[in-house]
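Peer 1: Let me begin by handing over the structure; questions about it come next.
The values are calculated or read from the model by the stated rules, or taken from the named source; none is laboratory data. This is a predicted model, so every value here is computed, not measured. Please note: Cβ atoms are built from the backbone with ideal geometry, for glycine as well, and neighbour counts cover all protein chains shown.
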Amino acid sequence: MNSQPVPEPSKLLRKLNLLDTTFLVIGAVVGSGIFLTTGFIAEYLPSPWLILVVWLLGGFFAVSGALSFAELGAMYPQAGGQYLYLRQAYGPWAGFLYGWGFFWVIECGGIAALAVGFAEYFGYFFPSLSTRTFLLQWNMAGLEYSLSAGQLIAVASILLLTAINYLGIKSGILVQNIFTFLRLAAVAVLVILGLTIGSKAGLTSPGQLFSGDTTFNLKFFGLAFIAVLWTYDGWYGVNCAAGEIKNPGRNIPLGLILGTLSVTLIYFLVNIVYITALPVEAMKGVARIGEAASTQLFGPTATQFVSATIMISIFGCLSATIIYGPRVYYAMAQDHCFFRSMKFVHPRYRVPTRAIVWQGIWSSLLCLTGTYKDLYEYVVFTLVIFWGATGLAVIILRHKQPAVPRPYKAWGYPVLPLLFVLINLGVFINTVWAQPFRSLIGLAILLAGIPAFLYWKSKEKETDNTPGF
């Protein structure tokens, strides 16, 4: 009897060019943060020049990280990003703990946060569908729960983008590119008109740049820097999708460098607009600093334009985040360290459809429960440890795997990777010092992955049986 040949499993296809790669970096970073964060930073740093310095330092952090991650991405041009690099440098346990926190909290919690943020601004234009329109409220045995129309809008946005990404990487990246272009155009309008015809009440001459309280306080500067870091978060998303990038040895490094430099320039110019529009005293504690600055520059009618810009930015950032996350779970499943079904690649669409679907389901559930904010805040501080460990992996792998081809070598090695590591270490220490209880809970959530890791390792040699979705 002739045995039937076993068909080879479908693989991811390299379809993303340099523009797609660069836009994915920009799209994964530029969301709502640049329109909301500077008002809080002004409370810590009540001087225009310190505000600009902390944003430029955040850009230096992102660019130095990108230069380090670029070497690793060109060296291992497969799906998985940090999971893959940590596994190679430190062993399977390190990659798994990153991936564990990434799926359950960091990535899906971030998606839920973005989706609810989108719903907040969607509700500005359609009040009956806002997060303040409650459809269900109950209190049982001291447990309170409420469901708003905005939460359903958040879930709908996740499911829509999940469906688009299910149909292939090009459909997902097309939507991403469109929304990246729209937000870049909107920011360009804000910057150009704000600096030329806007009615300014802040800086009117370069000499005023050093006005206000110029006293340097390390603790307050550190708190402001942490806020800036979260606004720059997402630049590493390209590494997660490395398995679908054309000519990865060239396009991953170039995309990371061009993307992070572009974001740094955007953030710097927008903050120039803020400090020329408003005095620092008027900026302190203002949550919607983008709206406040635009109202001063162009009058009350500008509020709708800024709200629309923020809504587009959040939706585009949500799109980018949904694109790159499933590639990490897919890589983990390939290594028998996660749910086996997530390694399935659709034979027609050539994307990890099960990983995409389960990410959408878990993110949606987090939106409905409303607990994602606490989970995200508990664990997100550990991102800096993973970033630092990945930066150090550049140096470790130079010694551990010297024979592996490196189409790109990190510029400024080893000084720049070490600076990246030290900055992350400093932020981690500052966070643990300022929030010890949250830090312990976050550590406990990560360590809860150890039993799961041991379970999957014990099942590693079992025969795979992953039917199509």
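Peer 1: Which residue out of G285, G234 is modelled with pLDDT of 85 or more and crowded, with 19+ Cβ neighbours inside 10 Å?
Peer 2: Matching residue, one of G285, G234: G234.
Peer 1: Which one of T21, T38 is hydroxyl-bearing (S, T, Y), out of contact with any Ser or Thr (no Cβ under 8 Å at 6 or more places or on another chain) and within 16 Å of I272 (Cβ to Cβ)?
Peer 2: Just a single option satisfies the conditions, and that option is T38.
Peer 1: Can you find even one residue in region 278-295 that is without any contact (Cβ under 8 Å) to a residue 24 or more places away in the chain and over 14 Å from A62 (Cβ atoms)?
Peer 2: Yes; the residues of region 278-295 include at least one that is without any contact (Cβ under 8 Å) to a residue 24 or more places away in the chain and over 14 Å from A62 (Cβ atoms).
Peer 1: Take the residues in region 38-53 that are buried (at least 20 other Cβ atoms within 10 Å of the Cβ) and among the aliphatic types (A, V, I, L, M); name whichever of them is farthest from V286 (Cα to Cα).
Peer 2: Taking the candidates together, the pick is L50.
Peer 1: Considering only residues of region 190-231 that are charged (D, E, K, R) and not in a helix (DSSP H, G or I), which is modelled with the highest pLDDT?
Peer 2: Top of the filtered list is K200.
Peer 1: For the condition touching a helix residue (DSSP H, G or I) at 6+ places or on another chain (Cβ under 6 Å), within 27 Å of G91 (Cα to Cα) and without any contact (Cβ under 8 Å) to a residue 40 or more places away in the chain, what is the one hit in A355, A302?
Peer 2: Criteria check complete, one pass: A355.
Peer 1: List, please: which pairs have Cβ atoms under 8 Å, are six or more places apart or on different chains, and start with a residue in region 64-87 that is within 16 Å of I385 (Cβ to Cβ) and end with one that is of a type in the set (K, R) and assigned to a helix (DSSP H, G or I)?
Peer 2: G81/R327
Peer 1: Still on this structure, please answer the following. Just checking, how many residues over region 403-447 are surrounded by fewer than 18 Cβ atoms within 10 Å (Cβ to Cβ), of a type in the set (A, V, I, L, M, F, W, C), part of a loop (DSSP other than H, G, I, E, B) and touching a residue at least 60 places away in the same chain (Cβ under 8 Å)?
Peer 2: Count: 2.
Peer 1: Mind checking which pairs have a first residue in region 135-152 that is in a helix (DSSP H, G or I) and a second that is surrounded by 10 or more Cβ atoms within 10 Å (Cβ to Cβ) and hydroxyl-bearing (S, T, Y), Cβ under 9 Å, 6 or more apart or different chains?
Peer 2: Sorted first by the residue in region 135-152, then by its partner, the pairs are A149/S130; A149/T131; A149/T133; G150/S130; G150/T131; G150/T133; Q151/T131.
Peer 1: With the condition kept exactly as written, say whether any residue in region 12-24 is touching a residue at least 12 places away in the same chain (Cβ under 8 Å), farther than 30 Å from D335 by Cβ and either small (G, A, S) or surrounded by fewer than 22 Cβ atoms within 10 Å (Cβ to Cβ) (or both).
Peer 2: The answer is yes, given that some residue of region 12-24 is touching a residue at least 12 places away in the same chain (Cβ under 8 Å), farther than 30 Å from D335 by Cβ and either small (G, A, S) or surrounded by fewer than 22 Cβ atoms within 10 Å (Cβ to Cβ) (or both).
Peer 1: Please pick out the residue among Q137, Q176 that is closer than 30 Å to L265 by Cβ and of a type in the set (S, T, N, Q).
Peer 2: Residue meeting the stated conditions: Q176.
Peer 1: I'm told A185 meets every condition in (1) within 23 Å of V29 (Cβ to Cβ); (2) modelled with pLDDT of 90 or more; (3) surrounded by 14 or more Cβ atoms within 10 Å (Cβ to Cβ) except one. Can you identify the failing condition by its number?
Peer 2: (3)
Peer 1: Here's a follow-up. Give me a count of the residues in region 310-344 that are part of a helix (DSSP H, G or I), crowded, with 23+ Cβ neighbours inside 10 Å and not basic (K, R).
Peer 2: Counting residues in region 310-344 that are part of a helix (DSSP H, G or I), crowded, with 23+ Cβ neighbours inside 10 Å and not basic (K, R) gives 22.
Peer 1: May I pose another question? May I ask you to say which residue of G59, G31, G80 is modelled with pLDDT under 90 and either crowded, with 24+ Cβ neighbours inside 10 Å or part of a helix (DSSP H, G or I) (or both)?
Peer 2: Residue meeting the stated conditions: G31.
Peer 1: Which one is nearest to A28 (Cα to Cα), of the residues in region 293-309 that are hydroxyl-bearing (S, T, Y) and part of a helix (DSSP H, G or I)?
Peer 2: Within region 293-309, the match that is nearest to A28 (Cα to Cα) is T309.
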